1. In terms of modelled amide H atoms, which long-range or inter-chain residues lie less than 5 Å from the amide H of THR76?
2. Name the long-range amide H neighbours of ASN386: under 5 Å, sequence gap of 5 or more, or other chain; modelled H, no Pro or chain starts.
3. If you count only protein heavy atoms and use a 1.4 Å probe, how large is the accessible surface of LYS344, to the nearest 10 Å²?
4. Using the structure shown, select from LYS157/LYS254; LYS322/LYS344; LYS112/LYS172; LYS222/LYS247; LYS172/LYS222 the pairs with a Cα to Cα distance greater than 28 angstrom.
5. Report the gain in length on full extension from LYS254 to ASP288: 0.36 nm times residue separation, minus Cα-Cα distance, nm rounded to one decimal.
6. Any idea of the accessible area per residue across region 322-362, 1.4 Å probe, to the nearest Å²?
7. Can you send over the solvent-accessible area of ARG61, 1.4 Å probe, protein chains only, in Å² to the nearest 10?
8. For region 189-255, what does the convex hull of the Cα positions come to per residue, in cubic angstrom?
Amino acid sequence: MSSKERPTLGGTRIKTRKRNIAAPLDPAAFSDAVVQIYLDNAGDLELIAKSIESSDLNFSRYGDTFFEVVFIGCRTQPGTTKPDEGERHPYSIIECEPKREFILPSVIYIQKILRRRPFLIKNLENVMRKFLQSLELFEENERKKLAIFTALAFSQKLSGLPPETVFQPLLKDNLVAKGLVLSFMTDFFKEYLIDNSLDDLISILKRGKVEDNLLDIFPPAKRSNESFSEHFSKEGLVALVEYNEKKIFEVKLKEMKSALTTQITEEADISEVIETVKLQVRDAKLPDIEVVRVLWDVLMDAVQWSGKNQQQNSNAALRQVKTWSELLNTFCTTGKLELELLYKVQMQCYEDARLVKLFPEIVRSLYEADVLAEDTILHWFRKGTNTKGRQNFTKALEPFVNWLEEAEEEE
């Protein structure tokens with residue numbers, strides 16, 4: 001072979017790689033087959049489940065279509081909830097009565113299907129997401145059926161259905177503005193709370209990432225705590241109203257605590273701090289007893305503790321009490337509030353090892369600053385109801401109490 005000639009392959013067969021030829025999609029035929037199973041068994045879900053189990057239908061490929069047939073009786077047109085051409089059955093969730101006794105059998109039926117084919121949970125999520133994002137395309141009673149189904153699905157702990165799949169698609173601005181989300185969620189709450197506690201409901205809302213933003217289900221014009229209370233009270237969901245009010249209260253307390261902590265840490269003028277507290281109390285309508293509790297917590301949290309040096313810790317705590325005694329005195333205006341403060345001091349000294357031996361000195365310091373009256377201290381000593389560390393604290397306080405009693409007798 002000359003150097004200019006190119007080598008050639010003679011008698012060699014070149015093999016080509018085989019390609020996987022996918023069967024064409026045919027959701028219409030699958031839908032018709034499932035519909036026929038419903039029709040052949042006259043809507044008996046027990047028999048339908050058995051027929052589906054023994055069938056050779058390709059559920060892994062047409063899972064979404066299957067749940068469309070379950071919910072509305074046939075497959076839907078692409079990108080919409082409108083029925084497509086083809087067979088349809090009258091035993092779907094949308095066609096039944098909007099009552100739990102008619103919808104619960106479908107939830108149990110789906111649960112059976114998912115136990116045998118757990119991969120279908122993703123298809124259920126897909127279909128529910130599509131329907132919930134398109135609530136405006138359903139009639140009012142159809143939306144109610146979807147809400148009841150959703151509540152029963154969570155109540156029955158339907159094979160791993162994640163709450164965020166349900167709640168997040170609902171928060172579309174157009175659905176919220178039309179009041180559709182509020183109506184849906186109201187029906188959902190009422191149905192779910194029939195069999196479950198409020199704590200169970202809150203747990204689901206947290207997992208669905210909506211518990212902190214329940215006002216977002218209200219149309220913008222009605223998005224207020226007053227509207228929340230009015231609406232759900234009217235619907236008989238008083239427990240939910242009380243929960244929301246408690247949460248609002250806790251947020252306001254937290255805001256007050258944060259503002260006070262900043263001022264006290266920065267050693268703001270005491271008159272400025274008092275004004276801040278009064279403003280917070282007025283705006284948030286905080287009960288006096290909670291104000292006293294917060295004030296003590298903030299003061300003790302702001303103490304500059306010095307490691308394991310007990311004497312320095314004691315001095316720091318007493319200095320804090322004396323420095324801010326005017327603040328405490330301003331808001332401890334009744335014997336009941338003084339007693340509440342004394343109980344707070346008792347619990348703090350019981351729970352904090354740095355203060356456990358400091359109880360009598362703190363009480364005496366508060367007495368000398370006119371924060372605690374003699375009658376309050378004697379009442380706590382003789383009739384106090386909090387048992388935490390009481391035996392040790394009364395014994396430690398006894399010399400001071402004896403002094404008070406002697407001074408009272410002399411007068």
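The values are calculated or read from the model by the stated rules, or taken from the named source; none is laboratory data. None of these values were measured; they are calculated from a predicted model. Ideal geometry is used to build each Cβ from the backbone, glycine not excepted, and the neighbour counts take in all protein chains shown. The protein model used for the area step is the full one, side chains on, heavy atoms only, and it has no ligands, DNA or RNA in it. Shrake-Rupley method; radii C 1.70, N 1.55, O 1.52, S 1.80 Å.
1. When sequence neighbours closer than 5 places are left aside, the close amide H contacts are ASP84.
2. none
3. Its heavy atoms expose roughly 50 Å² to the probe.
4. Values: LYS157/LYS254 35 Å; LYS322/LYS344 17 Å; LYS112/LYS172 32 Å; LYS222/LYS247 19 Å; LYS172/LYS222 16 Å.
The pairs that break the limit, which is 28 Å between Cα atoms, are LYS157/LYS254; LYS112/LYS172.
5. Values: separation 34, 0.36 × 34 = 12.24 nm, distance 1.53 nm.
Residue separation times 0.36 nm, minus the Cα-Cα distance, leaves 10.7 nm.
6. On the way: 1920 Å² over 41 residues.
Accessible area per residue: 47 Å².
7. Roll a 1.4 Å probe over it and ARG61 shows about 90 Å².
8. Working: hull volume 6.5 nm³, N = 67.
Value for region 189-255: 97 Å³ per residue.
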